[in-house]
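In what follows, a single structure is set out as structure tokens and then discussed.
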Amino acid sequence: MASTTVSSPGQLKETERAQANGPGGGRWGVGMVGQKASAFGPSARRLIGQMRPDRLKAYAVLGFAVCSVILTALGPKILGHATDLIFGGLTGKEVLAHGTKQQAIDALNATGNHTKAQLLSSMHLTRGVNFDTVGMALLFALVVYVGGAVLSFAQGYLLNDVVQNTVKRMRADVEDKVNALPLSYFDRQPRGELLSRVTNDIDNISQTLQQTMSQLLSSVLTIAAVLSFMVWISPLLAVIALVSVPISMVLGHRVMRRSQPLFIDQWRRTGRLNSHIEETFTGHALVKVFGKQHEAEEVFERENEALYQSSYGAQFVSGLVRPIMMFVGNLNYVIIAVVGGLRVAQGSMSLGDIQAFIQYSRQFTQPLTSIASMANLLQSGVASAERVFELLDAPEEPADDTGNPATERHGEVRFEHVSFSYAPDIPLIKDLSLVAEPGQTVAIVGPTGAGKTTLVNLIMRFYDIQSGRITLDGVDITSMPRSALRGQIGMVLQDTWLFEGTIRDNIAYGNPDATEQQILAAARATFVDRFVHSLPDGYATIVDEEGSNLSSGERQLVTIARAFLADPELLILDEATSSVDTRTELLVQHAMSALRTDRTSFVIAHRLSTIRDADLILVMEHGQIVEQGTHSSLLRADGAYARLYQAQFAAAAVA
Amino acid sequence: MLLTLVRRYLAPYRTWVLAILGLQFVGTVAALYLPSLNADIIDNGVITGDTGYIVRYGGLMLAVACVQIVCSIAAVFYASRAAMALGRDARAGIFHQVGSFSAREIQHFGAPSLITRETNDVQQVQMLVLMSGTLMVMAPIMMVGGIILAMHVNLGLSWLIGVSVPILVAAIGVIVTRMVPSFQLMQERIDEVNRLLREQITGVRVVRAFVRERQETQRFHVANTDLTDVSVRAGRWMAAMFPTVMVVANIGGVAVLWFGGHRIDEGHMQIGALTAYLSYLMQILMSVMMGTFMFMMIPRAAVSAGRIMEVIETDTSVRPPAEPVYEVTDPGTVRFDHVEFAYPGADVPVVRDVSFEARPGQTVALIGSTGAGKSTLVSLIPRLFDVTAGAVSVGGVDVRRLDPDALWSALGVIPQKAFLFSGTVASNLRYGKGDASEEEMWAALEIAQAADFVRAMSGGLDARISQGGTNVSGGQRQRLAIARAVVRRPHIYLFDEAFSALDLATDARVRAALKPVTRDATVLIVASRVSTIRDADLILVLEDGEVVGRGTHERLLETCTTYQEIVESQLSADEAA
């Protein structure tokens, strides 16, 4: 039955682990494998489109970024100018003390030192360093730098707002979506997979946006600005510096390609080691009592060593990227120093320009490396976005009808020729009709897969029927809003879902407007009160997600109290299959019958003993009611019910 | 803690660590030497017009750059090895320690927590060590080396480095100390938001049945807003980081030119040193920045290290005997003698003053409600716990004096949570008996009423079993766990709620089939269903850790009110019996 396809915890862990490996891949130095967006372009555009409501801020970010990059890039050029001023003043002090600049050049040419003569002729000489002009230039540089920094901060500040607001909106959209999806979506989708979309993927998107947006923007702009300045100063040197780009890219790519299989190997081995660890630790007691500790240690040693072998290789190769990039940078530096030095000596370039150039070339490689590393992050972020968009695009539950429920509420339920199936080619319920009179207890029995839980799904309109109709007090349930319908029905399921919060709040979930008295009364009527008193914090005890501080029976009691507080006309009880401990079991049964009093109730029973006094027993097989009647009439009929009853009787009798 | 751990696990790789330090030192000094050489080029080549000098020194720079990369690569190599070796050894340390733990320590930590410590926490420390070896050590070397070389180039300007480095460190420090708590809070709130979403999805039926969608959205909205608030705050500090670093570095550069200019004018400095100085300053400041960022990893790794050391330093409460007894004459007899067990620090013992004896051929059953101490009592036999008073003996020898392997080989345990290991049906059965033949396995499966479904599984005995046994149903898992114990043909069977996931009919069939097999063995059954234990030779009724009734079913029905209550509660459930 579709409603019982709850993914096993193991499955969920698998998915989560796979996810966790994803974003974490960045930490390992290489992006993750096999997590690529299938349609990168459209998904990336759509992700950017999510920022639309903040577009004014986004434009401001763009403007600030451009201004700040240009200002910052201006700095080295100004500092170079200041160096030239100092150099000119210094040389001038020497040269001009003995005559004019031209005399000095002539003198040098006469001695054959043409290089120095050329250098001298290209310089602007002053008599000693003029610290007024140098000071002005440096002041200007200071203003430019500080201005650039302020704008850069403003850019980061606004961008952060944009990104956070965007992520917030996406989270809200996802949450809205969760409430708008039909239940079939939840039943069809493996739960771990869905959870991972709404948690891990969104987190990944948030991280990607935060890290890439600002860096990518400033990196691209910086490269453009720095490159322009470099070309402006010396086209020749700019070309030399540019040569290093493809070199570093090729080298980086080579290393990445080398490290990829190593990383895959490392992940595989990590997975194997971790699952061995998980198994040994979880089954600790068994490993011990079956005397398998030595064996477990052996396997561990082997896997651990294998992981070491593959991981140090992977780390080493990926660790090479940095030194190589640094080397390429240094190579650049050396070439610029030599070629630049030669050109300065020849007088075709100023000393300040080469100093500026060196600074530019250092600024140039850094954004390149960061763009390269962004690429992987971006890939995984967009892949996550794609999965979230897929969720957001899933068809929603059809809109509600706005009709009104019956004004007279008795709790009479009628199925008229109802047919339903989860999948079109596998019919489940065919032409089913039944009537539950107000106040009656209707018990449904039958083997697993007979369609018992499906009946609940249909009454609650978790699923809509395909033909026939279901009425509540004479009104077709499809003609009223789902909330109005569900508001009249109380439900206690096998799956004792409680949220993380106090016991009191969990009971109050049944009716948020309930007074403290009503909550206490509900707790007393359903025996919650009894065990609550033995808890250190009483009603304020926090039920944790795993529910480990309450036994399964106690959890069941809380869900019964919740339904009790809701005080519905109609009740649906899905009995727990697994045996809770004996005493609580008794309490659960009492609590359930307290809840049933004076209400129309549907009880899905697993033990025949609980339903002996039901007003109507429906025996279901293969989606159809094969028998109906009371306990005694059905026993007399000696049909399916009687056989079921005998089976349980026989089992117990062997004991 | 971090230091203790790193010192302990890096000790064997001392030479590698020294190699890393040496290599990084040479590499860093080489990197710093480049601007110095460039200064020489300017002063002695460019200014004097000596092109030969420029080319010669250019070659020297190239050589230095090569030295640098060779050192860096070698350092990365040793750092990767040392870090991964530390990870490997720390994992082995934890694994071994956990192997020695008793159920008490496992319960204390919790298996999931131990797994996290063994995997993620080790990973954290390992990455920190790797980062330290490749990047973090560079920062101090860069600083010291930079200052020395800067002094060598020109003594008078070194104070600039001395001033700008602390300013940068302080600025980053201020930002980081504000940012880190925000990030921690952010993580908590992310967890909160994710928890709410998870609850909405797992509880979707309940949420819709009670028409609480709007409240859920409201709850989510609050959490989402809280998360966004703190993310915005953290992000703003983050946004301040880069401009701050740049502004400090650039003001430093301006200062170099201003003060350097004066010194040149006064004749204390050469013009080439100016350019060199600018390079130094940037290089030094960038590496300091890098180093400071790396320090952000330390708190996280320190927490991990603490969690690892906690495991390493926890001693097991169940120690193997110093002089073990290897053989007992009568391995089937189990005796409890005024047994008490209490968790350390608990004021009430879990069980107290329990005495009974079970001999081969006998079935002793323990019944009582959850928390009565039934499972704990059974766990005392294989020494998953040790008694805190009294004694448990097997074959007349105190279990604490028995050789663990000898003790365990006498037992067949079927635990409450039927846990299977990943592998095949056969590999799981061989867990019980390493050399079990196919016939033996099928026989055990027949007894456990598992033969039919195993036959139906594709592969039969070789059918895959996933980790924990999640690919078979709870009832099937339990039956396979029974078969695993049966195939051992042990002297003592311990059934701990081993029939709970079976329906009444299967429960009865399994017990009927077990009868002939266990004829000469001692059977201990923990159960909550009366039907499971009604024909045991001795039934002990436990309540709050004490035996409140003992005897056969019939006798207890007359004498023990607790037993009567239990029977009554189940009769209403299983009245047909």
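The values are calculated or read from the model by the stated rules, or taken from the named source; none is laboratory data. No experiment lies behind these values; they were computed from the predicted model shown. We place every Cβ from the backbone using ideal geometry, glycine too, and count neighbours over all the protein chains shown.
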Q: Would you check if residue B:423 is touching a helix residue (DSSP H, G or I) at 6+ places or on another chain (Cβ under 9 Å), touching a residue at least 24 places away in the same chain (Cβ under 8 Å) and on the phi > 0 side of the Ramachandran plot?
A: yes
Q: Report whether or not residue B:57 is surrounded by fewer than 21 Cβ atoms within 10 Å (Cβ to Cβ) and of a type in the set (Phe, Trp, Tyr).
A: no
(Q) Regarding region B:297-311, can at least one residue be identified that is closer than 27 Å to residue B:416 by Cβ and free of Cβ contacts under 8 Å to residues at least 24 places away in the same chain? (A) no
Q. What are the residues in region A:402-427 that are buried (at least 20 other Cβ atoms within 10 Å of the Cβ) and outside any strand (DSSP E or B), if any?
A. A:411, A:412
**Q.** Top-ranked residue of region B:350-375 - restricted to ones that are surrounded by fewer than 19 Cβ atoms within 10 Å (Cβ to Cβ) and more than 14 Å from chain A (Cβ to nearest Cβ), ranked as farthest from residue B:492 (Cα to Cα)
**A.** B:353
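Residues checked against (1) within 14 Å of another protein chain (Cβ to nearest Cβ); (2) within 30 Å of residue A:176 (Cα to Cα); (3) in a strand (DSSP E or B):
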{"site": "A:381", "(1), (2), (3)": "no, yes, no"}
{"site": "A:400", "(1), (2), (3)": "yes, yes, no"}
{"site": "A:430", "(1), (2), (3)": "no, no, yes"}
{"site": "A:433", "(1), (2), (3)": "no, no, yes"}
{"site": "A:444", "(1), (2), (3)": "no, no, yes"}
(Q) If I ask for residues that are at pLDDT 90 or above and of a type in the set (A, V, I, L, M), which ones from region B:318-366 would you list? (A) B:334, B:339, B:354, B:358, B:364, B:365, B:366
**Q.** Pair list, Cβ under 7 Å, 6 or more apart: region A:494-520 residue farther than 19 Å from residue A:588 by Cα and surrounded by fewer than 19 Cβ atoms within 10 Å (Cβ to Cβ), other residue hydroxyl-bearing (Ser, Thr, Tyr) and modelled with pLDDT under 85
**A.** A:502/A:541
Q. With (1) part of a helix (DSSP H, G or I); (2) of a type in the set (A, V, I, L, M); (3) closer than 29 Å to residue B:500 by Cα as the list, and residue A:565 as the residue in question, which single condition is left unmet?
A. (3)
Q) So, in region A:600-633, of the ones that are at pLDDT below 85 and charged (D, E, K, R), which residue ends up surrounded by the fewest Cβ atoms within 10 Å (Cβ to Cβ)? A) A:613
Q.
Let me spell it out: the conditions are (1) within 11 Å of chain A (Cβ to nearest Cβ); (2) without any contact (Cβ under 8 Å) to a residue 24 or more places away in the chain; (3) closer than 30 Å to residue B:450 by Cα, and residue B:516 meets all of them except one. Which number is the exception?
A. (1)
**Q.** Residues that are in contact (Cβ under 8 Å) with a residue 40 or more places away in the chain and not hydrophobic (A, V, I, L, M, F, W, C), drawn from region B:225-260
**A.** B:231, B:233, B:244, B:252, B:260
Q.
What's the total number of residues in region B:479-503 that are out of contact with any Phe, Trp or Tyr (no Cβ under 7 Å at 6 or more places or on another chain) and not in a loop (DSSP other than H, G, I, E, B)?
A. 11
Q | Qualifying positions in region B:1-54 - at pLDDT 90 or above, of a type in the set (S, T, N, Q) and crowded, with 21+ Cβ neighbours inside 10 Å | A | B:24
Q: Might you let me know whether region B:281-297 holds any residue that is over 30 Å from residue B:3 (Cα atoms), outside any loop (DSSP other than H, G, I, E, B) and either within 32 Å of the chain's Cα centre (by Cα) or within 11 Å of another protein chain (Cβ to nearest Cβ) (or both)?
A: yes
Q: Check residue A:522 against each of (1) over 31 Å from the mean Cα position of the chain (by Cα); (2) away from every other protein chain (no Cβ under 14 Å); (3) of a type outside the set (Lys, Arg) and name the one condition it does not meet.
A: (2)
Q: Could you grab me the full set of residues in region B:25-62 that are farther than 15 Å from residue A:336 by Cβ and of a type in the set (A, V, I, L, M, F, W, C)?
A: B:25, B:26, B:29, B:30, B:31, B:32, B:47, B:60
(Q) Quick check on region B:59-66. Is at least one of its residues among the small types (Gly, Ala, Ser), within 27 Å of residue A:303 (Cβ to Cβ), assigned to a helix (DSSP H, G or I) and without any contact (Cβ under 8 Å) to a residue 60 or more places away in the chain? (A) no
Q: Could you figure out which of (1) away from chain A (no Cβ under 12 Å); (2) over 28 Å from the mean Cα position of the chain (by Cα) isn't true of residue B:386?
A: (2)
Q.
Every residue in region B:34-58 that is out of contact with any Leu (no Cβ under 7 Å at 6 or more places or on another chain), more than 7 Å from every other protein chain (Cβ to nearest Cβ), assigned to a helix (DSSP H, G or I) and not polar (S, T, N, Q), please.
A. B:35, B:39, B:40, B:43, B:52, B:53, B:56
(Q) For residue B:91, only one of the following conditions fails: (1) more than 30 Å from residue A:299 (Cβ to Cβ); (2) buried (at least 23 other Cβ atoms within 10 Å of the Cβ); (3) at the interface with chain A (Cβ under 7 Å from one of its Cβ atoms). What is its number? (A) (1)
(Q) Step by step: first the residues of region A:50-91, then only those that are under 24 Å from residue A:150 (Cα atoms) and of a type in the set (D, E, K, R), then the one that is nearest to the chain's Cα centre (by Cα). Which residue is that? (A) A:54
Q: Could you look through region A:179-203, keep only residues that are touching a helix residue (DSSP H, G or I) at 6+ places or on another chain (Cβ under 6 Å) and small (Gly, Ala, Ser), and pick out the one that is nearest to residue A:168 (Cα to Cα)?
A: A:196
(Q) Residue under question is residue B:327, and the condition is that it be in a helix (DSSP H, G or I), of a type in the set (Asp, Glu) and over 20 Å from residue B:547 (Cβ atoms); does it hold? (A) no
**Q.** Selection count where residues are in contact (Cβ under 8 Å) with a residue 24 or more places away in the chain, closer than 24 Å to residue B:376 by Cα and touching a helix residue (DSSP H, G or I) at 6+ places or on another chain (Cβ under 8 Å), scope region B:72-104
**A.** 4
Q. Can we say residue B:396 is over 27 Å from the mean Cα position of the chain (by Cα), in contact (Cβ under 8 Å) with a residue 40 or more places away in the chain and within 14 Å of chain A (Cβ to nearest Cβ)?
A. no
Q. Exactly one of (1) closer than 30 Å to residue B:434 by Cβ; (2) touching a residue at least 12 places away in the same chain (Cβ under 8 Å) is unmet by residue B:356. Its number?
A. (1)
**Q.** Number of positions in region A:157-202 that are at the interface with chain B (Cβ under 8 Å from one of its Cβ atoms) and of a type outside the set (A, V, I, L, M)
**A.** 13
